[in-house]
Amino acid sequence: MSIETGKFKLLGQSGQGSSIDDLLTAIARSAEDLTTGRGWPEGVNSLLKDLGQLTGVSRVWIFQTLELTDEYIIQDYTFEWASCPEYVQIGLPYFSRFKTLINQPPYRRMIESRLKGEYHKVLVGKMEPSWIKSHLKTQNIKSILTIPITLEGKWWGTLGFDDCDREYDWSDAEIALLRTAGFLISS
């Protein structure tokens, strides 16, 4: 029996794992930097890049919830990783401290469920006609996964995964691992 010693930061670089193994490894690699504060904001950017590349999505982003009333939500697009320049949205005026009315029923339900800590996986083409479906289609999003980020028991923001190339149906294991990434970000 041999003893193998290695650095945590190098885990997952052998190419021997499954996609679930690779996701778990990326999250574990980021845990130390994010939980000690040494990696903020660089650690968040690095984690989003790893998660985006491993999941094969077009874009990984974080919206911070700045204000929420019964009528509207104000959010800010605080972090983003994009697989190529055509998918970059951070810095666009529309996504800077943006206010969205929440009177549209599908969107209101999404906001209410995020407040309860619930995720959303959406195949845009299969959604009922609504404002949110039109909004996602204008961004060429075919599927999306969103995971609420909570801080001190309150909804602080949203971790999102946009796929503009495919309708991807996330597995339970992937969602669970990506939720763990949300917990790391909030720490």
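The values are calculated or read from the model by the stated rules, or taken from the named source; none is laboratory data. Quick caveat, the model's predicted, so the values are computed rather than measured. Every residue, glycine among them, receives a Cβ derived from its backbone with ideal geometry; neighbour counts consider all protein chains shown. Side chains included, ligands, DNA and RNA excluded: accessible areas come from the protein's heavy atoms. Shrake-Rupley method; radii C 1.70, N 1.55, O 1.52, S 1.80 Å.
Here the gap between GLN64 and SER113, fully extended at 0.36 nm per residue and compared with their Cα-Cα distance, gives a gain of 16.0 nm.
Between 0 and 90 degrees, rounded to the nearest ten: what's the tilt of helix 42-55 against the longest Cα principal axis of the chain? Helix 42-55 and the main axis of the chain meet at about 90 degrees.
To one decimal place, what Kirkwood hydrodynamic radius in Å is obtained for segment 127-187 from all pairs of distinct Cα atoms? In segment 127-187 this quantity evaluates to 12.9 Å. Nearest 10 degrees, 0 to 90: what angle lies between the long axis of helix 19-36 and the longest principal axis of the chain (Cα atoms)? The angle comes out near 90 degrees. Each residue, LEU101 and LEU151, gets one label point 7 Å from its Cα in the Cβ direction; the gap between the two is 3.0 nm. Taking 7 Å steps out from each Cα toward its Cβ at LYS49 and GLU128 produces label points 4.2 nm apart.
A simple spin-label model places the labels of LEU92 and LYS137 1.6 nm from each other, with each point 7 Å out along Cα-to-Cβ. Could you compute the longest span of the chain free of GluC sites (Glu not before Pro) located in DSSP loops and having at most 10 other Cβ atoms within 10 Å, not counting the site residues? Here the longest segment lacking exposed loop sites spans 72-151. At a probe radius of 1.4 angstrom, the accessible area of the chain per residue rounds to 56 square angstrom. Compared with the dominant principal axis of the Cα atoms in the chain, helix 172-186 is inclined by about 90°.
5 Å is the cut-off here: which amide hydrogens, built 1.01 Å from N in the peptide plane, fall below it relative to TYR72, excluding neighbours closer than 5 in sequence? Correct list: ILE102. With θ taken as phi - 60° and the Karplus curve 6.51 cos²θ - 1.76 cosθ + 1.60 applied, the whole-hertz 3J(HN,Hα) list for segment 98-105 is 8, 10, 10, 5, 10, 7, 7, x Hz, x standing for glycine and proline. Phi-derived couplings, Karplus 6.51 cos²θ - 1.76 cosθ + 1.60 at θ = phi - 60°, listed residue by residue for segment 120-128: 9, 10, 9, 9, 4, x, 9, 6, 5 Hz, with x used for Gly and Pro.
Residues whose amide H comes within less than 5 Å of that of THR150, counting only those at least five positions distant or on another chain, are TRP156 (H built at 1.01 Å from N in the peptide plane). If you bin all the Cα-Cα distances of segment 33-161 at 10 Å, starting from zero, the percentages per bin are 12, 42, 37, 8, 0.
Summing +1 for each Lys or Arg and -1 for each Asp or Glu among the other residues whose beta-carbon sits under 10 angstrom from that of VAL88 gives -1. The accessible surface of segment 59-108, taken with every protein chain in place and a 1.4 Å probe, is 53 percent carbon and sulfur. Here the relative contact order of segment 17-85, from alpha carbon pairs under 8 Å that lie six or more residues apart, stands at 27 percent. What the phi angles of segment 106-111 give under the Karplus curve with 6.51, -1.76 and 1.60, with θ = phi - 60°, is a coupling list of x, 5, 4, 4, 5, 4 Hz, glycine and proline written as x. According to the Cα-based calculation, Rg over Rh for segment 30-93 is 1.05, with Rh computed by the Kirkwood formula. Greater than 24 Å separation of Cα atoms is the criterion. Which listed pairs, LYS49/LYS116; LYS99/LYS137; LYS99/LYS154, meet it? Exceeds cut-off: LYS49/LYS116.
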